[in-house]
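The values are calculated or read from the model by the stated rules, or taken from the named source; none is laboratory data. None of these values were measured; they are calculated from a predicted model. All Cβ positions, even for glycine, are placed from backbone atoms using ideal geometry, and neighbour counts span all protein chains on display.
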Ligand code: HEC
Ligand code: HEC
Ligand code: HEC
């Protein structure tokens with residue numbers, strides 16, 4: 001019992017530290033110019049292709065995983081699909097203009113933050129990491 005409490009305490013501390021470090025890093029990114037002096041210390045996150053995020057970017061930074069995971073559970077177990085937090089839509093807006101992907105290169109949108117925060121996701125074993133049109137185009141290339 002004590003062991004468990006201690007374990008949760010350590011987990012909480014870890015989570016808080018990661019949150020603080022990342023939060024501080026992202027604030028710094030936002031405050032420095034593109035060629036920021038402290039490059040290499042923070043993730044360089046590629047700009048979206050345009051439009052507006054499905055929620056406030058600040059909210060998304062902290063909570064996107066909850067939206068996505070939650071929706072995966074809802075989709076697979078409950079057959080619910082609202083589409084508002086669709087993973088396909090994230091890819092459409094956030095795929096890199098150069099690699100056309102969210103994770104093919106270290107600087108690509110999902111990858112940039114995740115390698116910085118040492119997060120590994122398995123989503124792209126099943127889901128496309130490129131917008132649908134582009135995947136199709138590449139498949140028909142000679
Ligand atoms: C084993 C294969 C598999 C893996 C791995 C997987 N998914 Fe899915 N996912 C599916 C299938 C199948 C559906 C249902 C497809 C549909 O409804 O069109 C789905 C649907 C979804 C949806 C709702 C439909 C959409 O396009 O938005 C979301 C969101 C989603 N997954 C997110 C994730 C995330 C985030 C991860 C990684 C943490 C992930 N999935 C990993 C197979 C997978
Ligand atoms: C219609 C286009 C669009 C869609 C769809 C979209 N986003 Fe965004 N997202 C943006 C824009 C624009 C920003 C503001 C920052 C920028 O310009 O890159 C942003 C910001 C973010 C941020 C904060 C990035 C940072 O620099 O700190 C995260 C995280 C994020 N989005 C995740 C997602 C996820 C996950 C999805 C899918 C559930 C999604 N977005 C869907 C356009 C979009
Ligand atoms: C602004 C930085 C940032 C961006 C951009 C970003 N992520 Fe994340 N993501 C994180 C952090 C940090 C975590 C770990 C949070 C935690 O452990 O509580 C995470 C966790 C996740 C998780 C949960 C992983 C798990 O096993 O718990 C999923 C799923 C996820 N991200 C999907 C995405 C997808 C898909 C994209 C691109 C559309 C993306 N993220 C873009 C920072 C980011």
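Descriptive notes on the structure:
- Hits in the range 27-55 - residues which are loosely packed, with under 15 Cβ neighbours inside 10 Å, assigned to a loop (DSSP other than H, G, I, E, B) and either modelled with pLDDT under 50 or within 12 Å of the chain's Cα centre (by Cα) (or both): 32, 33, 34, 35, 37, 38
- Filtered residue count, the range 73-83, keeping only those that are surrounded by 14 or more Cβ atoms within 10 Å (Cβ to Cβ) and either more than 26 Å from residue 48 (Cβ to Cβ) or under 17 Å from the mean Cα position of the chain (by Cα) (or both): 0
- Residue that is nearest to ligand 3 (Cβ to nearest atom) [pool: residues in the range 56-96 that are in contact (Cβ under 8 Å) with a residue 24 or more places away in the chain and in a loop (DSSP other than H, G, I, E, B)]: 95
- Residue in the range 76-92 that is modelled with the lowest pLDDT, counting only those that are near ligand 2 (Cβ under 9 Å from one of its atoms) and touching a helix residue (DSSP H, G or I) at 6+ places or on another chain (Cβ under 9 Å): 84
- Test: residue 86 is under 24 Å from residue 134 (Cα atoms) and crowded, with 18+ Cβ neighbours inside 10 Å: no
- Of the criteria (1) within 12 Å of ligand 3 (Cβ to nearest atom); (2) outside any loop (DSSP other than H, G, I, E, B); (3) modelled with pLDDT under 95, which one residue 134 fails: (1)
- Subset of the range 114-123 that is over 18 Å from residue 92 (Cα atoms) and in contact (Cβ under 8 Å) with a residue 12 or more places away in the chain - its residue that is nearest to ligand 3 (Cβ to nearest atom): 117
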